[in-house]
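Just so it is clear, none of the values below were taken in a lab; they were calculated from the coordinates. Owing to the predicted nature of the structure, the values given are computational and were not obtained by experimental measurement. Using ideal geometry, Cβ is built from the backbone for each residue, glycine included, and neighbour counts are taken over all protein chains shown.
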Amino acid sequence: MARTVLPFGPQHPVLPEPIHLKLVIEEEKVVEAIPNLGYVHRGLEKLVDIRDFNQMVNICERVCGICSCIHAVNYCMGTEQLLSLEVPTRANYLRVIWMELHRIHSHLLWLGLFADGFGFESLFMQFWRIREKIMDVMESTAGNRVVISVNIVGGVRRDLSAEQTKWILEELDKVEKGVRQLESTILNEYTVCKRTKGIGVLTKEQAHQLGAVGPTLRGSGWAQDVRMTGYTAYGDLDFEPVVEHDGDCYSRTKVRFREIYVACDLVRQAIAKLPAGEIAVKVKGKPDGEAWTRVEQPRGELYYYHKGNGTNHLARLRIRTPTFANIPPLLAMLPGITLADVPIVVLSIDPCISCTER
Amino acid sequence: MLPNEQAVTLENLLPEVQKRFDEGLRLVGLTAVELTDQNAFDVLYHFDKDLNVQHLRLTVPKEAPVPSTSGIYFLALLAENEIKDQFGVNFQNILIDFGCALYMEPEVVTSPFCKFTYVKKSAKEGEE
């Protein structure tokens, strides 16, 4: 049968950011996919040469807008390790609160985009309407909707008052109520099931061998979540990773959807246990040595490698983002599916290309 | 020096990576670091099993060919291509070799993260 090479992207209605896939197809079936990157590469890691280790917090936040706070936390954790800084407990709890708020808004954003990907416009609008409450919380508590800039090396720069935490809990209840109302639609509706069940299957073995991370890994049956290592204040909070076993687009959707409930619960726990005290410590010294830190982003495991040389500038900063890790698994999901399902499968890994290329 | 780190050489890199693959470790990623004072690169391989991390450290002279691990862990191909692109590390036999054009345009012959340009220069000379 004759094969055709079809370009998917870099500009495509379902792609918020540019990635190019060369799809080798036989009639309507995908036989092979080859990725092509480089449309939004910014060389952010190299900025350590001209930005000092404190300024780099702002750079790292801009690796990805959607999970900016989590990038900043990971960067700060690595730098704090090099400086042997002990971050105040309250700061760690505040970091958890803002990180989980980021997870909720990221998953709601994705659920909306995913619904939009298969033409379910009203569902898209419902998810994004709920997401606005989280954006309001972030704007009110941190002064900005997306890149909230609350993290500094040594702690956080903003605190939460008792009134603010009370209001966050009220807003979270509304968010959770709204999400529950959409549960039967996103998980049981005929169109959603038809477009996602049995599509883009990644087996448990493939997920492990190809280095999948985050909901892509957990949707294939692996109970692995970096938050289980207990960084910041996660060690004091109770949670179970959300796991599904079918490895298809539906499983990945279900994982993200259920993770919203987990994130709401974690915020509630963190607020309930929020200790009194300082929110930052004074930074002394210059980063020296090596550190390797990782956190769980909404899209999965994110690692930072720091190398300090005793000056204000790091000698090397390496960032490996979750979408970078999820591209090889994506290449395994595509062969065998029809061309019409390609956008759904690509979206199912929640691709963030500006993250990937940095 | 990172915790749980082991040094490897060009000779035992692939056997050590294969051993970890056989033991069920997940390759988390690769990191390249330029060692300006030694005219060499550190290539770090990060592995994980049950949330326990271990690292392999390969220190190689800048011109030395480094065998690709993408034949063992397919996912290594993207990281190896990225490092080849940005640092000019001379990875050999990557399953899909983008020829230093993963992020860069083909006409770019410098390695933006490091002043070393062995791979790209030699590729250009080969074309000529």
Item to complete: For segment A:326-335, state whether one or more residues are over 22 Å from A:Val96 (Cα atoms), in contact with a Leu (Cβ under 9 Å, 6 or more places away or on another chain) and away from chain B (no Cβ under 13 Å).
Response: yes
Discussion item. Please count how many residues of segment A:22-46 are under 30 Å from A:Cys60 (Cα atoms) and either facing chain B (nearest Cβ under 10 Å) or of a type outside the set (A, V, I, L, M) (or both).
Written reply: 12
Worksheet item: Is it the case that segment A:184-207 has a residue that's buried (at least 19 other Cβ atoms within 10 Å of the Cβ) and closer than 18 Å to A:Ile104 by Cβ?
Response: yes
Item to complete: Could you pull out every one of the helices (runs of 4 or more DSSP H) wholly within segment A:131-235 that has 3 or more residues that are out of contact with any Pro (no Cβ under 8 Å at 6 or more places or on another chain)?
Response: A:162-188, A:190-196, A:204-209
Discussion item. Yes or no: segment A:197-209 includes at least one residue that is in contact with a Phe, Trp or Tyr (Cβ under 9 Å, 6 or more places away or on another chain), among the hydrophobic types (A, V, I, L, M, F, W, C) and more than 30 Å from A:Thr89 (Cβ to Cβ).
Written reply: yes
Worksheet item: Which ones in segment B:88-101 are more than 21 Å from B:Phe47 (Cβ to Cβ) and within 11 Å of the chain's Cα centre (by Cα)?
Response: B:Gly88, B:Asn90, B:Gln92
Item to complete: For residues that are crowded, with 23+ Cβ neighbours inside 10 Å, of a type in the set (Asp, Glu) and more than 14 Å from chain B (Cβ to nearest Cβ), tally how many sit in segment A:245-304.
Response: 1
Practice prompt. Tell me which residues, restricted to segment A:329-345, are in a loop (DSSP other than H, G, I, E, B) and under 8 Å from A:Ala33 (Cβ atoms).
Written response: A:Leu334, A:Pro335
Discussion item. Filter segment A:190-206 down to the residues that are touching a residue at least 12 places away in the same chain (Cβ under 8 Å) and over 12 Å from A:Ile349 (Cα atoms) and list them by number.
Written reply: A:Thr191, A:Val192, A:Cys193, A:Arg195, A:Thr196, A:Lys197, A:Gly198, A:Ile199, A:Thr203, A:Lys204, A:Gln206
Item to complete: Scan segment A:220-231 and give yes if some residue there is more than 18 Å from the chain's Cα centre (by Cα), under 19 Å from B:Gly24 (Cβ atoms) and surrounded by 16 or more Cβ atoms within 10 Å (Cβ to Cβ), otherwise no.
Response: yes
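So that you can scan it fast, the table gives a plain yes or no per residue for (1) more than 9 Å from chain A (Cβ to nearest Cβ); (2) under 25 Å from A:Asp225 (Cα atoms); (3) free of Cβ contacts under 8 Å to residues at least 24 places away in the same chain; (4) acidic (Asp, Glu):
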{"site": "B:Met1", "(1), (2), (3), (4)": "no, no, yes, no"}
{"site": "B:Thr9", "(1), (2), (3), (4)": "yes, no, no, no"}
{"site": "B:Arg20", "(1), (2), (3), (4)": "yes, yes, no, no"}
{"site": "B:Asp37", "(1), (2), (3), (4)": "yes, no, yes, yes"}
{"site": "B:Tyr73", "(1), (2), (3), (4)": "no, yes, no, no"}
Practice prompt. Just give me the residues in segment A:161-180 being over 23 Å from the mean Cα position of the chain (by Cα) and touching a residue at least 40 places away in the same chain (Cβ under 8 Å), in sequence order.
Written response: A:Thr165
Practice prompt. Out of B:Thr59, B:Thr31, B:Thr36, report the one residue that is within 12 Å of the chain's Cα centre (by Cα) and surrounded by fewer than 18 Cβ atoms within 10 Å (Cβ to Cβ).
Written response: B:Thr59
